[in-house]
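Since the structure comes first, as structure tokens, the remarks are kept for the end.
Readers should treat all values here as calculations from the given coordinates under stated rules, not as data from a laboratory. Please read all numbers here as calculations on a predicted model, not as lab measurements. Glycine gets a Cβ as well: all are built from the backbone with ideal geometry, and neighbour counts include every protein chain shown.
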Amino acid sequence: MEFQQNGHGNLSRRRFLTLAASLAGTAVLASCAPAAPGTTGNAPAEAKTEISFAWWTGGEGANKLFEQSIDHFEEKYPNYTVNRISMPYAEFGTKLLTMYGSGNAPDAHGIPYGTVWSWAHKGVLMDLTSLVESDDSIDWEGMWPAVTGACYYQAKIVALPRESFGLRLYVYNKTIFDEAEVETLDKDMATDNWTWQVWREKAKALTKFSADGRREIMGANVGAGYWDLQVVMSSYGVPMFNEDLTHFNLDDPKVVGWLSMLPEMLNEDLSLGKPDETKEFDWGASGKQAISQSATWAIPNMRETWTDIDWDFVPAPKGDCCHSNFVGCDYHVVNGSDYAKKDAGWEMIKFINSPEEDLWWALNFFGAPFRKSNLDAWQSQLNNIVPKDGWQYMLDMTETATPWTPIPFQDELDTIHNNEIGQALSGERPVEEVVMSITTKVDKMIANFK
């Protein structure tokens with residue numbers, strides 16, 4: 001599906017037709033209405049304020065929700081019309097920062113979780129502190145501290161939470177488990193046995209090849225990026241950084257042990273797919289993957305692509321510490337540039353943050369609402385929408401989720417990490433060598449960061 005991007009001054013087909021219909025309707029009404037005494041009968045229509053808003057696309061199901069949320073705003077505030085700018089997630093950060101550099105960034109936009117401080121550090125985001133503190137509709141204390149804590153940069157509030165409290169999930173295909181006569185993951189949860197080692201063993205037991213060596217069932221998928229490690233490291237009780245934020249703890253022996261397991265799964269167990277197998281084929285939606293690393297925000301897409309699959313989910317496996325998760329909540333910000341329509345941008349992100357929209361997002365994006373007042377309504381309605389046993393774990397996952405470490409150099413760290421970690425997973429280089437290389441470069445980057 002193609003998503004249309006609309007810059008300032010460019011009308012989408014939808015926007016053009018809307019304006020055309022509006023103008024036509026105004027003309028007809030004007031011709032029929034009696035003229036007031038002393039006038040020509042051409043009273044000016046109430047002016048609309050056009051604002052621009054940008055978000056990233058993450059699958060057709062999720063993108064529909066963003067469109068609907070903007071529809072809700074335009075319905076409640078008919079004096080505003082929104083110029084909608086959407087683009088793939090992989091392009092979002094680069095394109096938005098380019099637009100800031102060119103002086104035509106949107107008035108308000110989404111910002112990925114964990115990168116709020118990086119953008120604030122660049123000086124492009126509006127300081128929302130006084131607006132939040134003076135607006136009675138913003139119940140700051142009634143939101144999860146792990147969510148609102150990520151909205152600050154240098155003691156200033158620079159973002160509002162959006163959509164829902166997203167969480168990492170491990171989704172499993174029950175049909176594959178049944179056919180292989182392997183106990184499903186909810187049984188492991190019930191016996192407190194859902195560990196990373198069990199994850200590895202089950203992935204291997206569920207992997208299947210045909211007689212000619214072609215893969216028929218993939219046991220599992222996994223990532224070892226900086227984002228993925230937020231869950232893994234916490235499950236071993238390892239903080240992402242040392243106390244003074246000068247060292248990236250990727251070289252902790254527990255973390256190195258977990259990383260060392262992945263090339264063994266890929267090259268010895270054969271339970272993980274290689275890049276040429278996973279690049280263009282969706283094993284999960286095709287019903288050919290037993291365990292899928294996923295997240296609550298992927299459920300809208302799964303509802304459209306997994307319709308014939310009997311699936312359920314559990315939390316991420318635990319390490320020697322605990323089950324862990326992270327605050328996968330994205331955020332909304334206002335353009336802090338002089339040319340931006342800041343008042344309109346604030347009205348829009350405040351509306352999406354409102355209690356009604358928070359519950360709507362939580363029931364459609366499936367993470368917990370970030371406003372605690374919505375928890376009861378959310379829990380009572382979940383199984384009516386997607387009847388799954390996995391919802392029983394959601395509150396524990398929410399309450400124990402760890403917030404992101406507020407570092408402004410996260411984008412740079414992510415780039416350094418991703419440039420080399422794949423070489424460790426593939427077996428191209430020893431894990432210890434790659435880890436040492438990454439930590440050395442990241443620590444040097446931290447020391448020199450401006």
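Within 30 Å of residue 103 (Cβ to Cβ) and free of Cβ contacts under 8 Å to residues at least 24 places away in the same chain: does that describe residue 343? Considered against the rule, which asks whether it is within 30 Å of residue 103 (Cβ to Cβ) and free of Cβ contacts under 8 Å to residues at least 24 places away in the same chain, residue 343 comes out as yes. The residues of segment 199-213 that are surrounded by fewer than 20 Cβ atoms within 10 Å (Cβ to Cβ) and outside any helix (DSSP H, G or I), listed by number, are 208, 209, 210, 211, 212, 213.
From the list 332, 323, which residue is touching a Lys or Arg at 6+ places or on another chain (Cβ under 8 Å) and not aromatic (Phe, Trp, Tyr)?
Working: 323 fails: touching a Lys or Arg at 6+ places or on another chain (Cβ under 8 Å).
Just a single option satisfies the conditions, and that option is 332.
Just one residue in the set 98, 81 is in contact (Cβ under 8 Å) with a residue 12 or more places away in the chain and polar (S, T, N, Q); that residue is 81.
Screening the candidates 219, 273, 223, 287 for the property of being under 27 Å from residue 367 (Cα atoms), surrounded by 20 or more Cβ atoms within 10 Å (Cβ to Cβ) and in contact with a strand residue (DSSP E or B) (Cβ under 7 Å, 6 or more places away or on another chain) yields one hit, 219.
Would you confirm, using the coordinates I've provided, whether residue 231 is out of contact with any Leu (no Cβ under 9 Å at 6 or more places or on another chain), among the β-branched types (Val, Ile, Thr) and buried (at least 19 other Cβ atoms within 10 Å of the Cβ)? Yes: the conditions hold for residue 231.
So which residues in segment 243-289 are closer than 20 Å to residue 202 by Cα and of a type in the set (Lys, Arg)? Those that are closer than 20 Å to residue 202 by Cα and of a type in the set (Lys, Arg): 274, 288. Checked against the criterion of being charged (D, E, K, R), over 24 Å from residue 55 (Cβ atoms) and in contact (Cβ under 8 Å) with a residue 24 or more places away in the chain, the candidates 200, 168, 162 yield just one match: 200.
Would you mind telling me which numbered condition in (1) among the aliphatic types (A, V, I, L, M); (2) over 28 Å from residue 323 (Cβ atoms); (3) buried (at least 21 other Cβ atoms within 10 Å of the Cβ) residue 147 fails? In the conditions (1) among the aliphatic types (A, V, I, L, M); (2) over 28 Å from residue 323 (Cβ atoms); (3) buried (at least 21 other Cβ atoms within 10 Å of the Cβ), residue 147 misses (2) alone.
Can you tell me how many residues in segment 250-287 are among the polar types (S, T, N, Q) and touching a helix residue (DSSP H, G or I) at 6+ places or on another chain (Cβ under 7 Å)?
Total satisfying the criteria: 2.
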